[in-house]
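Enquirer: Take a look at the following structure, please.
Coordinate-derived values only; no laboratory data. These figures come from a predicted structure and were not determined experimentally. A quick note on method: Cβ atoms are made from the backbone with ideal geometry, for glycine too, and the neighbour counts reach across all protein chains shown.
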Ligand code: ADP
């Protein structure tokens, strides 16, 4: 088989995207999509920073709900697919926007998922209706105009990850952020993700420990729900020589914000979890 003719098209399409970052986790349910959506909101809180979020969790897309745009649909224009805009500077793409009903299951095998991810990367026009890009173009910079393109991936290392890595090989990936809970079983799987990154040549931006500790609202005492391993992610990073980005406590209001499609940090700015999020984003 010769070279894939779509790759140069895709590279051209993404050439103006400054940073491409994957969000990974070894296990499901550790808060990866929550982190991806909140990271998008935080980066996009500066209206001059244009952020795109691609949900490549084809079989379990939760990003449209978490970003508050699940009733939206994508449109096709002469220049490609137009993503859903949550704000003028935040754009989202997900298979969730293509399903006729919310409860519909996507039961696809690898090649079909692979095809859709390629279409997302090749055909989505992140510049549509974009006044900043016009300015960029006037200055001769052109193309894309996104500061960040984030990828929310399914748990583990599956077809979707391989597709993203394969398609972005020539276009470049800045690195990956890995999510884990403090539980040993999740840490075990994060080691596999680290190994995947090493084999795929993807830089590890760092590891985030989510759901580490819970302050009881009535007695104010902190409980380590996943004791005794809280802090395990940090120890693992030290041991293996990877950057540790920080920990986010358990806070039920995070789930509430996500269910309502809101930015947690903007809704509960004074909370320890909001501070934790901001510190982590600062260190990326
Ligand atoms: P994943 O993408 O890893 O499968 P999700 O982001 O869907 O996980 O999160 C799983 C559940 O945990 C969701 O109900 C979410 O609201 C909740 N959650 C995530 N992080 C936290 C946290 N720090 N505190 C409380 N709940 C959280």
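Enquirer: With axes computed from alpha carbons, what is the tilt in degrees of helix 184-200 against the longest principal axis of the chain, rounded to the nearest 10 within 0 to 90?
Expert: Compared with the principal axis, the helix lies near 30 degrees.
Enquirer: With angles folded into 0 to 90 degrees, how steeply does helix 32-43 sit against the dominant principal axis of the chain? Use alpha carbons for both and round to 10.
Expert: The angle comes out at about 70 degrees.
Enquirer: Here's another thing I want to ask about it. Give the percent of DSSP beta bridges with both residues in the range 137-284 that are antiparallel, rounded to the nearest 5.
Expert: 15 percent
Enquirer: Among 168, 179, which comes first, second and so on when ranked by fewest other beta-carbon atoms within 10 Å?
Expert: Values: 168 21, 179 28.
Fewest-to-most ranking of 168, 179: 168, 179.
Enquirer: On to the next question. Run through the DSSP bridge list for the range 6-283 and note the antiparallel percent, rounded to the nearest 5.
Expert: 20 percent
Enquirer: Using the alpha-carbon atoms, what tilt in degrees (0 to 90, nearest 10) does helix 272-283 show relative to the longest principal axis of the chain?
Expert: That works out to roughly 50 degrees.
Enquirer: Let me ask you something else. As an exercise, find the ratio Rg/Rh for the chain from alpha-carbon atoms, using the Kirkwood inverse-distance average for Rh.
Expert: Numbers: Rg = 18.7 Å, Rh = 19.4 Å.
Radius of gyration over Kirkwood radius for the chain works out to 0.96.
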